[in-house]
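Below is one structure, written out as structure tokens; the observations come after it.
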Amino acid sequence: MKAATTGTPEEKRAHKPPETEEEKSRNLALIEAALYVAGRPLDLKTLGSIIGIRSKRKTRRLARELMREYRKRNTALEILELEDERFVLQLKPVYSPKVRRLAVRPLLTPGPLKTLAYIAYRQPVLQKQVAEVRGSQAYSHIKHLREMGLIEYDKSSETKILKTTSYFADYFGLSHNLTKMKRQLRRIFKDVSGSGKKE
Amino acid sequence: MKAATTGTPEEKRAHKPPETEEEKSRNLALIEAALYVAGRPLDLKTLGSIIGIRSKRKTRRLARELMREYRKRNTALEILELEDERFVLQLKPVYSPKVRRLAVRPLLTPGPLKTLAYIAYRQPVLQKQVAEVRGSQAYSHIKHLREMGLIEYDKSSETKILKTTSYFADYFGLSHNLTKMKRQLRRIFKDVSGSGKKE
Amino acid sequence: MERPWYLRPPLSVLFDLDRLGRLRPWDVDVAFLLSLFLNEMEKRREVDFRASGVALDSSASIHLMKSRLLLKLEEPPREVEPVTDFVPPPLILPIRYELTTTTIQHLLSALDEALRGERLLAARPPSKPMLPPPPEAIPPITAYLLEVEKLISWLYERMLRLVGGDASKKSLMTFSKLVEGLRRIEKVRAFIALLFMAQRGIVELWQDENTENIFIILKGGLKGR
């Protein structure tokens, strides 16, 4: 228990009576739900917004508790805390080879995937340029890719400039740093096309 | 280590000493991994092939044990056994509204979901009829639903006739038998509209 | 040579300028035709900018013909009653995570193809404009604009009455209030005039997504007043 003091809303929140067991288990379940549905790393802000808690410290404590619970349970799934204070629920890598073949659906159909690849490679890139190269269907691809959270508009610009999101980087295991990511893409791309083997 | 015996593979398996705790917990984790990765109902044969057990009875027992464990744990996820001996891992519906915005694949909005419900209910149904009842926006709904693999055109017909796919049946845990499925749907719709809530 | 796919009905109406002059614009559902056209082009994975241009031009003409008829007080035909049938409540999809099969290798081969498209685009010689002349069916543009001017004055007077005669206060009003008591056809005309006024900066518009009401701020007087 902490002594009541006055202060910022953040501090006030911290001094509210400790959450009941019921509240806590509801919050843990909500964090689990969020991580499961997203299938990608989520930051403390996002997790906090789901449970309605603004304190990062408190959210982190809950996420870590869920992580410990998972570890204790000894299951096929694990929760990891990444370096940048993000949490992810994922399959333990050791099970992956055994069950991978059960995944049957692609993230995207070929058309939108091509548009996404082009944006990733040329980013930040004018929407107009994407449409010129990928044809008029590019607009519906862009809409779809934005809805999926794979690309976004550059907010600093008046004209429509596209770039990939951190979710894109997470999905393909690429760097969050744009310059680095492009270098990675170029390098792997050269390796692949250089080997002369294409699907 | 197991004693070598002769006989059919099934018999061999059946006469093996009962699985150790370690084997069992590994099998439970593999079933969990399979259900997590697939994101759709899996039948006993598929689950058995993952854990390397051909006996349906044994696989069913394990899957049910995992299901009970989930129920005990009081988590955001649930494992359901569908009527045709298939198992599925999914988010408990009560958590849906809070976290659906985090889902990667854009979830369908009520408009397309209604069109889908109509097609499922009236199938096989002329595309023209769907458009007449649901308005001209039905065409974009149909396109989207086809892209998601939930509906398809009847290939045996020249005119455009729509029906749901087996993926659709899996997604909703419905029977693959059309007559049965329609009966199940009627029950679901009665439940929903009976609750008096409509958008 | 095979006839291009878009010259077949129902799309052909957008490419047959003679017919465009003869038909009743109310009989053409432009939105439907254009989305059909786009879908078809997407399905065939071929982009024909020339055909798109003609389709766009024809659609604009048909829209203009419709606006023109509205200004002449011709009532649009009654909407066809939609067919009624029991529509079940929307099916709520259960949420399940699903591992997807797309890997970085897929991304890279997609990139390879996209870049090939880029190279092709750079190599293609610029094509000559081949748009046909605008159809005669389009009303003379000056007469049309004169009608619009009259319409704007009429609507502006209405707005002034609504804000008590003073346009300098940046008064706020809603579209529904503005057209209260008007006939349907007059509401449509008011809306057209409003769009022109917004484009000229006489009013500012925004729409509330929840109520769908359009809010109007009167920003100043008509030029020359």
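Scanning segment A:137-160 for residues that are out of contact with any strand residue (DSSP E or B) (no Cβ under 8 Å at 6 or more places or on another chain), outside any helix (DSSP H, G or I) and within 15 Å of C:ALA114 (Cβ to Cβ) yields a total of 1. Looking at B:ILE142, B:ILE79, just one residue is under 20 Å from the mean Cα position of the chain (by Cα) and β-branched (Val, Ile, Thr), and that residue is B:ILE79. Name the residue that is surrounded by the most Cβ atoms within 10 Å (Cβ to Cβ), counting only residues in segment A:98-114 that are more than 7 Å from every other protein chain (Cβ to nearest Cβ) and in contact (Cβ under 8 Å) with a residue 12 or more places away in the chain. The extreme case among them is A:PRO112.
Among residues of segment C:170-192 that are in contact (Cβ under 8 Å) with a residue 60 or more places away in the chain, those with a beta-carbon under 7 Å from a residue that is of a type in the set (Gly, Ala, Ser) and buried (at least 17 other Cβ atoms within 10 Å of the Cβ) at least six positions away or on a different chain give the pairs C:ILE192/C:SER67.
Among the numbered conditions (1) modelled with pLDDT under 90; (2) outside any helix (DSSP H, G or I), the only one that A:ASP191 does not meet is (2).
Evaluation of A:THR59 against the conditions (1) surrounded by 22 or more Cβ atoms within 10 Å (Cβ to Cβ); (2) assigned to a loop (DSSP other than H, G, I, E, B); (3) not aliphatic (A, V, I, L, M) shows that the sole unmet condition is (2). Report yes if A:TYR95 is among the aromatic types (Phe, Trp, Tyr), at the interface with chain B (Cβ under 9 Å from one of its Cβ atoms) and surrounded by 13 or more Cβ atoms within 10 Å (Cβ to Cβ), otherwise no. Yes; evaluated as a whole, the condition is true for this residue. Checked against the criterion of being more than 15 Å from the chain's Cα centre (by Cα) and more than 24 Å from A:GLU21 (Cβ to Cβ), segment A:48-70 contains not a single residue that satisfies it. Residues of segment B:42-84 that are within 13 Å of chain A (Cβ to nearest Cβ) and in contact with a strand residue (DSSP E or B) (Cβ under 8 Å, 6 or more places away or on another chain): B:LEU42, B:ASP43, B:LEU47, B:LEU66, B:TYR70, B:ALA76, B:LEU77, B:GLU78, B:ILE79. Applying the condition of being within 25 Å of A:GLY135 (Cα to Cα), more than 14 Å from chain A (Cβ to nearest Cβ) and out of contact with any Leu (no Cβ under 9 Å at 6 or more places or on another chain) to segment C:12-69 and asking which residue is surrounded by the fewest Cβ atoms within 10 Å (Cβ to Cβ) yields C:ALA31.
Any chance segment B:171-182 includes a residue that's among the aromatic types (Phe, Trp, Tyr) and modelled with pLDDT of 85 or more? No; the residues of segment B:171-182 include none that is among the aromatic types (Phe, Trp, Tyr) and modelled with pLDDT of 85 or more.
Scanning segment C:147-179 for residues that are in a helix (DSSP H, G or I), under 20 Å from C:GLN199 (Cβ atoms) and at pLDDT below 80 turns up just one, C:ALA167. The C-beta contact set for segment A:74-88 (first residue in the same structural domain as A:ALA33 (by TED's automatic domain parsing), second residue among the aliphatic types (A, V, I, L, M) and surrounded by fewer than 16 Cβ atoms within 10 Å (Cβ to Cβ), distance under 6 angstrom, 6+ apart or interchain) comprises A:VAL88/A:LEU80.
Every residue, every condition in (1) exposed (fewer than 12 other Cβ atoms within 10 Å of the Cβ); (2) of a type in the set (Phe, Trp, Tyr); (3) at pLDDT below 65, yes or no:
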residue: C:TYR97; (1), (2), (3): no, yes, no
residue: C:THR100; (1), (2), (3): no, no, no
residue: C:ALA114; (1), (2), (3): no, no, no
residue: C:SER127; (1), (2), (3): yes, no, yes
residue: C:ALA137; (1), (2), (3): no, no, yes
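Of all residues in segment B:67-104, those being under 14 Å from C:LEU93 (Cβ atoms) and part of a strand (DSSP E or B) number 3. Scanning segment A:31-56 for residues that are assigned to a helix (DSSP H, G or I), in contact with a Gly (Cβ under 8 Å, 6 or more places away or on another chain) and among the polar types (S, T, N, Q) turns up nothing. Screening B:THR115 with (1) among the β-branched types (Val, Ile, Thr); (2) in a helix (DSSP H, G or I); (3) not assigned by TED's automatic domain parsing to the domain that holds B:LEU150 gives one miss only, at (3). Output the residues belonging to segment B:121-136 that are in a helix (DSSP H, G or I), within 22 Å of the chain's Cα centre (by Cα) and touching a residue at least 12 places away in the same chain (Cβ under 8 Å). Listed by number, the list holds a single entry, B:TYR121.
Taken over segment B:144-163, residues that are modelled with pLDDT of 90 or more and at the interface with chain C (Cβ under 10 Å from one of its Cβ atoms) amount to 1.
The values are calculated or read from the model by the stated rules, or taken from the named source; none is laboratory data. Since we're looking at a predicted model, the values are computed, not measured. Cβ atoms come from the backbone with ideal geometry, glycine included; neighbour counts cover every protein chain shown.
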